[in-house]
Amino acid sequence: MAQEPPTQKAVRWYPPSYDIRVESVPIPEITEPDDVIVKIKLAGLCGSDLHAYRGDGDDDMTPHIPGHEFIGEVVKLGSSFGEHATGRPGLYSSLKIGDKVVSPFTTNCGECRACRLGITCRCPQGTLFGCPALDGAQAQYVRVPKAGGTLFNLSDPKSWSDLLPNANVAEALSTISDSSLLLLADILPTGVFAVAQALNHPKLVPILTGVAWPPREGSTTANTIPSEDRTLTFAIIGLGPVGICASVALVDRLAAIGLPYRIVAIDTYAARRENMEKIFGQISNHGNGEFVARSPEEARTTVKEWTSGSGCNAVLEVVGHPSALTLAYDLVQPFGIITSVGVHGKPQLPFNGGNLYDKNVSFDFGRCPARAMFPMAFELLVKRQDVFGQVGTPTSLVDRIVSVDQAAEMYRAFDKREVGKVLFDPWE
Ligand SMILES: [Zn+2]
Ligand SMILES: [Zn+2]
């Protein structure tokens, strides 16, 4: 067996901002018994990588390898792995050298209360890939801590297919490309999560059931809502890759619910709006709905016209900037829902307690529990290969696959919105 080379090619982030280099660095080693080393096939460049790129991250950021989205092959297993591993997540006894794996963008132990509840993004032992605490995946190799609780083994779909009772996972996997499967690391689960938080919110129950507030056991016809009040109106702010995923996930769920709906998808960039309308036009079976893409100012008028001034039932905020939250607040109806999955930093929120009181607004903020959302994201990935399956077509989500040697240029172009979703092939 050939020795692995002692060094690897990797992207490195340098402070304070806009400084991306490609360097030769040591290949990561197993440092804890639960670690696995993965040889990267593809690594994603994500909108949230841009926060550090622009210098919006924590003040104490030190040079590190960025990137939290990857698919690859297991090349080294820590000593926790093997037939002796009993009473632990199944992967500790079943994962083998050579297995193909995809990882959620944060690690999680799979054994604590947070992990058992499915809030895997807040596992006390969880770490985000691609930060000073844990080098990321825009490299040839990555170290995965708590790997038996974190990874999905694509070579052994039986290890997770019981999470998807109605799908032939092995057959679906055989038809899906690596560039498409990589979307399961972050952006597709995050889009699905934004939608799930809104559609499962108690404030939507009256519209979904047709019975006026409050939701309660037992049925009576006395509080029935007229059908004209049961059109669902949504706004999605931000049409980068996660915004596209959220839009497709929302259309999919609303078509299944079957109620009439209207969605306004919002971005300041005309090219992104045109692309999003094309993607919607390509989705077959989109139910009884209307979908338009608008600039922020146009969207205010559209929502006013659609709802006679009352506002959207829910707004999905996928940007992570105070201006996006201001727009979300302005567009949402009283007793509405704002779901924010954009990464927010230091700036203060653009409203006070009085603003929230005056509209009875419900907020959900924060990171997606990507491991827990994986089954729902996988189902959507299989179903919507028309959007998630191709590379570089007018309606495909992945724009291009490039060498890591182009990292500095791709960060610049992605930051300027000159390119869509970029994946790195570190061996090219
Ligand atoms: Zn990401
Ligand atoms: Zn945990």
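Could you grab the relative contact order for the range 229-326? Cα pairs under 8 Å, six or more apart, rounded to a whole percent.
Answer for the range 229-326 is 38 percent.
If you rank D135, D19 by fewest surrounding Cβ atoms within 10 Å, what's the result?
The fewest-first ordering by Cβ neighbours comes to D19, D135.
Out of every Cα-Cα pair in the chain, what percent are more than 34 Å apart?
Percentage above 34 Å: 32.
Given the options L204, S295, P104, identify the residue whose Cα lies farthest towards the positive end of the charge dipole of the chain (+1 on Cβ of Lys, Arg; -1 on Cβ of Asp, Glu).
L204
Projected onto the charge dipole of the range 80-144 (+1 at Lys/Arg Cβ, -1 at Asp/Glu Cβ, origin at the Cα centre), which of G118, A139, Y92 gives the Cα projection farthest towards the positive end?
The listed residue farthest towards the positive side: G118.
Which ordering of V315, V144 is given by a fewest-first count of other beta-carbon atoms within 10 Å?
Taking fewest neighbouring Cβ atoms as first place, the list is V144, V315.
Could you pull the Cα extents of the range 8-140 along its three principal axes, largest to smallest, in whole Å?
Result, largest extent first: 46, 32, 22 Å.
How many angstrom lie between the Cα centre of the range 196-210 and the Cα centre of the range 275-333?
Taking the Cα centre of each part, the range 196-210 and the range 275-333 sit 18 Å apart.
Taking the Cα of Y14, stepping 7 Å toward and past its beta carbon, and measuring to each backbone N in the range 54-98: which are under 12 Å?
63-64
Quickly work out the D386-to-D358 label distance, labels modelled 7 Å from Cα along the C-beta direction, and quote it in nm with one decimal.
So the two model labels end up 4.3 nm from each other.
Would you kindly work out the equivalent ellipsoid of the range 61-135 from its C-alpha gyration tensor and give its semi-axes, the square roots of five times the eigenvalues, largest first in whole Å?
Square roots of five times the eigenvalues give 22, 18, 11 Å.
Would you be so kind as to identify all helices of the chain, as entire DSSP H runs, whose Cα atoms reach 15 Å or more along the helix's own axis and whose mean Kyte-Doolittle hydropathy is at least 1.0?
Long hydrophobic helices here: 187-199, 241-257.
Let a ≥ b ≥ c be the square roots of the eigenvalues of the Cα gyration tensor of the range 191-237; is it rounded (a/c under 1.5), or, if not, prolate (a/b larger than b/c) or oblate?
It comes out oblate by the Cα gyration axes.
Indicate the gyration tensor shape class of the range 363-409 (rounded, prolate or oblate), computed on the Cα atoms with a ≥ b ≥ c the square roots of the eigenvalues: a/c under 1.5 is rounded; otherwise a/b larger than b/c is prolate and the rest oblate.
oblate
Using each residue's phi in the range 74-82, evaluate 6.51 cos²θ - 1.76 cosθ + 1.60 at θ = phi - 60° and report the 3J(HN,Hα) Karplus result to the nearest Hz, with x for Gly and Pro.
Values per residue, Gly and Pro as x: 5, 10, 8, 10, x, 6, 6, 8, x Hz.
So the label point goes 7 Å from the Cα of A256 along Cα→C-beta, right? Which residues of the range 195-220 then have their backbone N under 15 Å from it?
195-201
Between the range 100-149 and the range 340-355, how many Å separate their Cα centres?
Cα centres, the range 100-149 to the range 340-355: 27 Å.
Note down the nm distance, to one decimal, between modelled labels 7 Å out along Cα→Cβ at F365 and at E111.
Computed distance between label sites F365 and E111 equals 3.3 nm.
Looking only at Cα atoms, what is the convex hull volume of the range 164-312 per residue, in Å³?
So the per-residue hull volume is 138 Å³.
Rounded to two decimals, what is the ratio between the C-alpha radius of gyration of the range 10-66 and 2.2 N^0.38 Å?
1.28
Say each of Q125 and D229 gets a label point 7 Å from the Cα, pointing the same way as Cα to Cβ; how far apart are those two points in nm?
5.1
Thinking of the range 63-198 as a set of Cα atoms, what percent of all their pairs are more than 17 Å apart?
62
Let's test the formula: R0 of 25 Å, r as the Cβ-Cβ distance of Q348 and T307. What FRET efficiency results, to the nearest 0.05?
The computed FRET efficiency comes out at 0.30.
Coordinate-derived values only; no laboratory data. Worth saying up front: this structure is predicted, and the values here are computed from it rather than measured. Neighbour counts are summed over all protein chains in view; Cβ atoms, including those assigned to glycine, are modelled from backbone coordinates with ideal geometry.
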